[in-house]
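To start, the structure itself, in C-alpha cells.
The values are calculated or read from the model by the stated rules, or taken from the named source; none is laboratory data. Note that this is a predicted model, so its numbers are computed, not measured. Please note: Cβ atoms are built from the backbone with ideal geometry, for glycine as well, and neighbour counts cover all protein chains shown.
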Amino acid sequence: MNAKILGTGSYLPEKVVTNHDLARVVDTSDEWIYERTGIKERRQANATETVAYMGHQAALAALSHAKMTPQDLDMIIVSTTTPTHNFPSTACQIQGMLQARQIPAFDITAACAGFIYILSIAHQYIKAGAAKNVLLVGVESMFRLCHPDDRSTLVLFGDGAGAVIVSASEEPGILASDIYADGKDGHLLKCHVVNREHETPQRHGTIEMQGNDVFKIAVRELSNLVKASLEQNNIEPADIDWLIPHQANLRIIRAVAKKLNMSLDKVVLTLDRHGNTSSASIPIALDEAVKSNRVQPGQTLLLEAFGGGFVWGSALIKY
Ligand code: UT7
C-alpha cells in the first residue's frame, strides 16, 4: 500500500514582526539579518494563538482540502518542540478540538526535522496497513524559546503551523522517507526544559546555539543526504520538480540546491516572510506551493530538514 498526500493546510499568526521591528529591540539591522539568513519578517503568535489552536486551524484547512471530516482520521501525529503542556499532548488537544474518534494521537519531538520524522512514521504505518488516513501537524511557537536580549537567535525564528493528510492509496505517493540522528554534537543547539532539576542559568528555557558550527554541519549532512537519497531511489536531480527544504537559512538552502545542480526557481521558499518556524516550515511551504498551483499532481518533490539533536531527514514524494 502507498501513502499519498491528499490534503494540505496551514495557519500563520496575524502579527508580523519585521527586521526593522527587531532592530529597535536588539543590536541588529535589516541588512545583517537579510544578508546572513534571507529573512525579512516573521509571524508572532498572540496569547490566544496557542500551538493547539494554530495546529487545529491548519488541520481543519488540510481536512477541507482533502475533502474529509475528522471522523475519517485514524491517527493524529504532531511534531512540536513548543507544546504548552507536558501533557495532554498537543496531538490529544487537537483530537479533542476536532472531535475526532478515539484514535491514536501523539507528539514527536525532533526539532526542525520533526515534520520529516512524523511523515516517515505515517509512511510506515500506512505501508504496514495499520492506518489509512493520518493527520500530520507541524506546529511551533518559537518566539517563546528566544531570549529577548539574544540577537543571535531572536532574529531567526517565527511561529506557525502546517498540516498534511496522508492516506493509503493505490497510486504512488511517498516514494522514500529517511530519518537520522547523531547526539554527539547536540550541545551546539539546545534548549533546556524549565524544571526544578535544572534550576538557574540566565538563558534557562531559551535557545542556545553555536550558529556557525550548526551551519557547517547542516550543509555537510544535508548535501550528503539528498545525494544519497536520490541515488538509492534511482532518481536524477533533473527529475525533481520541487525542492521543499526546511527554512532555516537561505545560504544553507542554496548550498543544497547547488549540490543537486538545481536552480532556486525550483525551490519553494517562505523564509523571507516566515523566518525559521522549525518543524512547521516544510508543511507550511508545501501548503503554499500547492495552493498557489506551483506543485501539481504527478510532480516529484524532495523534502529535507536538519535540526537540534542533531536530527535530519528527507522524503521523496510523488504528489
Ligand atoms: O533550524 C535548525 C538549525 N539551525 C540552523 O540551521 C542555523 C544555522 N546557522 C545559521 O543560520 C547562521 O550561522 C546564523 C544566521 C545563525 C549566523 O550567521 P553566521 O554567518 O554564521 O554568523 P556568525 O554566528 O559567525 O556571527 C558573525 C557576526 C558575529 O560578530 P563578530 O564576532 O564577527 O564580531 C556575531 O556576534 O555577527 C554577529 N551577529 C549579529 N550581528 C547583527 C550575530 N547575530 C547578529 C545579529 N545582528 N542578529
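With respect to the conditions (1) of a type outside the set (V, I, T); (2) away from the ligand (no atom under 16 Å from the Cβ); (3) assigned to a loop (DSSP other than H, G, I, E, B); (4) over 24 Å from A130 (Cα atoms), Y53 lacks only one, and its number is (3). Test each condition in (1) within 20 Å of L175 (Cβ to Cβ); (2) in contact (Cβ under 8 Å) with a residue 12 or more places away in the chain; (3) away from the ligand (no atom under 12 Å from the Cβ); (4) among the small types (G, A, S) for A130 and report the one that comes out false. So the condition that A130 fails would be (2). Only residues that are outside any strand (DSSP E or B) and either charged (D, E, K, R) or crowded, with 22+ Cβ neighbours inside 10 Å (or both) were counted in region 84-119, giving 16. Within region 270-291, identify whether any single residue is more than 15 Å from the ligand (Cβ to nearest atom), touching a residue at least 24 places away in the same chain (Cβ under 8 Å), touching a helix residue (DSSP H, G or I) at 6+ places or on another chain (Cβ under 7 Å) and more than 20 Å from L225 (Cα to Cα), and answer yes or no. For region 270-291, residues more than 15 Å from the ligand (Cβ to nearest atom), touching a residue at least 24 places away in the same chain (Cβ under 8 Å), touching a helix residue (DSSP H, G or I) at 6+ places or on another chain (Cβ under 7 Å) and more than 20 Å from L225 (Cα to Cα): absent. For region 120-153, the tally of residues that are of a type outside the set (S, T, Y), farther than 24 Å from H192 by Cβ and part of a helix (DSSP H, G or I) stands at 6. Is it the case that E304 is in contact with a strand residue (DSSP E or B) (Cβ under 6 Å, 6 or more places away or on another chain), acidic (D, E) and crowded, with 23+ Cβ neighbours inside 10 Å? Judged against the criteria, E304 is a match. Can you go through A181, A161 and tell me which one is touching a residue at least 40 places away in the same chain (Cβ under 8 Å), in contact with a strand residue (DSSP E or B) (Cβ under 7 Å, 6 or more places away or on another chain) and not assigned by TED's automatic domain parsing to the domain that holds A23? Residue meeting the stated conditions: A181.
Evaluation of I252 against the conditions (1) touching a helix residue (DSSP H, G or I) at 6+ places or on another chain (Cβ under 7 Å); (2) modelled with pLDDT under 95; (3) crowded, with 16+ Cβ neighbours inside 10 Å shows that the sole unmet condition is (2).
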